[in-house]
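Asks: Structure incoming, see below.
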Amino acid sequence: MKRLYAILPLLGVVVLIQMLTTWMGTQFYLTQMTMAAYYSLLIIGLCVLMGYAGQISLGHAGFFAIGGYLSAALTTRNLMPYREEWLVRLLDSGGLLQSGKDMYGSDLLVVWPWAAALFAVLMAALIAILIGIPVLKLKGHYLAMATLGFGIIIYRLVLATPWFGEADGISGVPPFELLPGLVVRGDVSGRVQNYYIAWGMLLFGLFLLLNLINSRIGRALRAIHGSEEAADAMGVNISRFKLQTFVLSAVFAAIAGILLTHFNGGIGPSEAGVMKSVRYVAIVAVGGMAHLWGALIMGVLLNFLSLRGVFGSYDDAVFGLILILIMLFAPNGILTLLPRKKDQAPVQAAPKDEEA
Amino acid sequence: MTTELFVQYLFAGITYGSIYAIVAIGFNIIYNTTGIINFAQGEFVMLGGMISVSLLPYMPLPLAIGLAVLITMAVGALIEIVFIRWLTSPSVLRMIIITIGISILTREAAVHIWGESIRSLPYFAGNEITTIGVLGARISPQVLWVVGVCGVMVCTLHLFFKTTSVGREMRACAANRTAAILCGINPRNMVTFSFVLSAGMGALAGCVMSPITYTQYDIGTGLAIKGFTVAILGGLGNSGGAVAAGLLLGIIEAFSISVVPLAFKDAISIAILLVILFVRPHGLFGSGEAARLKAF
């Protein structure tokens, strides 16, 4: 319960921002705040993987894209021509399809968003397991390159597959009715509601992860980060914990991808790009690696500024610069530059001596 | 497959393979002296091509290439001095992230200087349609330039490490840093020098490949990941292995496009990387014993 109270002030800020923007007539900021919240959902998941389990991933945009693209394609691609196929008939009889009209008035048969979303999350988790088992045995440069390679493969596949819209991506993704009356969609009338859906998801995710890192699993992860050999000797099942964290962060990324795609009404190949993955890593680094709150705050702040176009054509350059500056001068996050009380110090992602 | 087609694919593979080998050797030089992988390695190739294209209107081709290589070497030195030299025993994760940051900054600087347009140097001999017949296949003389220059570079580098004093000092640092310091070698200077050397090699490769493969601001990442694949395949730190592995990857890639769509070409070489990492992380020619002793 204590950790629930820790989130309450943040909830207050979220409500305050909504009220302020409504009062000042600047509700358009809420759109970017919603998108920033979804990106931050991915980032806090990555934070647990990088900061607590100590495993770098340069391929998380890949999991975001798996979620977003699968959900988008399933809810958008018309199954009408295939309705006699057994698979489509099976799905239909299971109530997993929904019919409607497209913009030209012809019949449309697509997968129900909930079914598409669940399938996308399951696929992301499955791919994370298949990739994670071999990849997480690697360390350092090898792990970084392997995850980077995974990200590039997803990017290439998306770019080369007509079903995923090649370079154009997928547009016209329908709204996603989470619960009756609670719809993830991008039009102006749903702006405030979607702002709360996104932040609700983010805060719920944060709550789950805060609980996780303060539990037995969290302590095991920190032990692994400190020294895999020592953790192993103490009876921690290293490979299982690393894999579970990897899959968990992939699921967070996929959920973020699904919801953001339905909110935006589309997804493009740039979401799977290497630069996106690097950007997520940069934000986790700025937030302080093993610091969920830092990752959340920096995730929202930097994504919001970037989405508002504050950095102009220097967008990627700004993130590159942030990455270098943080790693050169404050490898344990920007918050360590401030004077802090001793008892508040988080687990330090202390640089280990690599050179003899 | 006819003989002509076979030879055609083979030469395409050897051309790209030589470039990958040079990038991989660039990785190896820096890895041997510092124990880090420089994720910005591909950007040196891009810079070499871009700078030489920009210099060409003002001077003859050989001079433009020479100056471009020198400028890229200076950039390499600058990067090392500004970002890496003064760090004391940084962690691997920190070094990975810093070199990724350097790679992004270089690329972004390039896109703001040169734009997104695709550029290329003119063919060194003849033009686009000049060909030489080999076993019934038609290949461009530029292919011979690429293979020749890369071959000369590898041999020169080998002699440099074997015979010159600086080369031997660099090898001493790679073998045992502490012992090298005791012998009066300044390892920091050797690290700077390794950046200069691998920047120069990358830039020269970028110039000779430019007429065939073209140069754009974003070619660095792709080259870096393939160069890394080759470096791993040949055994990290082993330059002889890198040449063999480079040619192997280039040829596999070239023949792969006869089987799968062109769009999947990159995916195939990365899939090879993943498989190698999972099955034989010490490379085809490296020894597992030595790999375990290195700090990753």
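Asks: Non-local amide H neighbours of B:Val134 (under 5 Å, H modeled in plane, Pro and chain starts lacking H): which ones?
Replies: B:Ile139
Asks: Between A:Ser93 and A:Phe28, what is the spin-label point distance in nm, taking each point 7 Å from the Cα along the Cα→C-beta axis?
Replies: 5.2 nm
Asks: Hull surface divided by four, with the convex hull built on the Cα atoms of region B:3-293: how many nm²?
Replies: Reported value for the Cα convex hull: 15.9 nm².
Asks: Next up: Whole Å is fine, so just give me how far the alpha carbon centre of region A:229-283 lies from that of region A:16-59.
Replies: 15 Å
Asks: Using the Karplus curve 6.51 cos²θ - 1.76 cosθ + 1.60 with θ = phi - 60°, work out ³J(HN,Hα) for each residue of region A:120-132 in order, rounded to whole Hz, and write x for Gly and Pro.
Replies: With coefficients 6.51, -1.76 and 1.60, one gets 4, 5, 4, 4, 4, 5, 5, 5, 4, 5, 4, 6, x Hz.
Asks: Can you flag which of A:Lys276/B:Lys162; B:Lys162/B:Lys265; A:Lys242/B:Lys162; A:Lys139/B:Lys265 are past 32 Å Cα-Cα? Working shown, then result.
Replies: Working: A:Lys276/B:Lys162 43 Å; B:Lys162/B:Lys265 37 Å; A:Lys242/B:Lys162 44 Å; A:Lys139/B:Lys265 27 Å.
Result: A:Lys276/B:Lys162; B:Lys162/B:Lys265; A:Lys242/B:Lys162 exceed 32 Å.
Asks: Search the structure for amide H atoms under 5 Å from the amide H of B:Gly235, placed 1.01 Å from N in the peptide plane, and list their residues when 5 or more places away or on another chain.
Replies: Amide H neighbours of B:Gly235, under 5 Å, 5+ apart: B:Leu284, B:Phe285, B:Gly286.
Asks: Here is a further query. State, to one decimal in nm, how far the label point of A:Arg83 lies from the label point of A:Glu229, with both points 7 Å from Cα in the Cβ direction.
Replies: Label-label distance for A:Arg83 and A:Glu229, simple model: 6.6 nm.
Asks: Still on this structure, please answer the following. Across region A:73-85, in residue order, what do the Karplus-derived ³J(HN,Hα) couplings come to in whole Hz, using 6.51 cos²θ - 1.76 cosθ + 1.60 with θ = phi - 60° and x for Gly and Pro?
Replies: 5, 5, 8, 10, 5, 6, 9, 3, x, 9, 5, 8, 5
Asks: Using mean Cβ contacts within 10 Å as the protection proxy, how do B:256-262, B:2-8, B:239-245 order, highest first? Each step should come with its number before you reach the end.
Replies: Numbers: B:256-262: 12.1, B:2-8: 13.9, B:239-245: 21.9.
My ranking of the peptides, most packed first, is B:239-245, B:2-8, B:256-262.
Asks: Okay, moving on. Using a Förster distance of 22 Å, how high is the FRET efficiency between B:Arg138 and B:Val259, based on the Cβ-Cβ distance and rounded to 0.05? Can you show the working numbers first?
Replies: Numbers: r = 22 Å, r/R0 = 1.02.
Rounded to the nearest 0.05, the efficiency is 0.45.
Asks: Measuring from label point to label point, each 7 Å out along Cα→Cβ, what is the A:Phe311 to B:Ala179 span in nm?
Replies: 4.6 nm
Asks: Taking Cα atoms, how many degrees apart are the long axis of helix A:191-213 and the longest axis of chain A, rounded to 10 and kept between 0 and 90?
Replies: 40 degrees
Asks: What list of ³J(HN,Hα) values in whole Hz, one per residue of region A:165-173 in order, does the Karplus curve 6.51 cos²θ - 1.76 cosθ + 1.60 (θ = phi - 60°) give from phi, with Gly and Pro shown as x?
Replies: Whole-Hz 3J(HN,Hα) from phi for region A:165-173: x, 6, 6, 7, x, 10, 10, x, 6.
Asks: Once amide H atoms are placed 1.01 Å from N in the peptide plane, what residues at a sequence separation of 5 or more from A:Leu58, or on another chain, have their amide H within under 5 Å of its amide H?
Replies: A:Thr147, A:Leu148
Asks: Kindly point out which whole DSSP H helices in chain B project their C-alpha atoms 24 angstrom or further along the helix axis while averaging a Kyte-Doolittle hydropathy of 1.0 or above.
Replies: Values: long enough: B:3-34 (45 Å, 1.02); B:61-79 (27 Å, 2.47); B:92-114 (33 Å, 1.47); B:141-163 (32 Å, 1.47); B:187-213 (38 Å, 1.03); B:239-256 (25 Å, 1.55).
Within chain B the helices that satisfy the rule are B:3-34, B:61-79, B:92-114, B:141-163, B:187-213, B:239-256.
Asks: Could you give the angle, 0 to 90 degrees to the nearest 10, between helix A:292-307's Cα long axis and the longest principal axis of the Cα atoms of chain A?
Replies: Helix A:292-307 sits roughly 50 degrees off the main axis of chain A.
Every number here is computed from the coordinates shown, using simple stated rules; none is lab data. Predicted model, so just to flag it, every value in this text is computed and none were measured. Positions of Cβ are generated from backbone atoms using ideal geometry, with glycine treated the same way; all protein chains shown enter the neighbour counts.
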